[in-house]
1. Which condition from (1) surrounded by 12 or more Cβ atoms within 10 Å (Cβ to Cβ); (2) at pLDDT below 90; (3) more than 11 Å from the chain's Cα centre (by Cα) is the one that Arg2 breaks?
2. Taking region 1-51, which residues are touching a residue at least 24 places away in the same chain (Cβ under 8 Å) and among the acidic types (Asp, Glu)?
Amino acid sequence: RRDASRQRHDIETRVRQQLTREYATGRFRGDKEALKREVERRVQERMLLSRGNNYTRLATAPL
């Protein structure tokens, strides 16, 4: 819920900063493509959590 007032771009910036720190300390390993996928995954996860799972554009499709 901390990210509820933030826009997607703001969340993405914070996630990129977080991943940059993790990459520098060696906690995240991977190439540029893996980094991009991880940014997208984390941004989507944070958007869903901050919007209380009713942000339908990002909701996962039911099986």
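1. (1)
2. Asp3, Glu12
The values are calculated or read from the model by the stated rules, or taken from the named source; none is laboratory data. Keep in mind that this is a model prediction, so the values were computed, not measured. For neighbour counting, all protein chains shown are included, and Cβ atoms are generated from backbone atoms with ideal geometry for every residue, glycine included.
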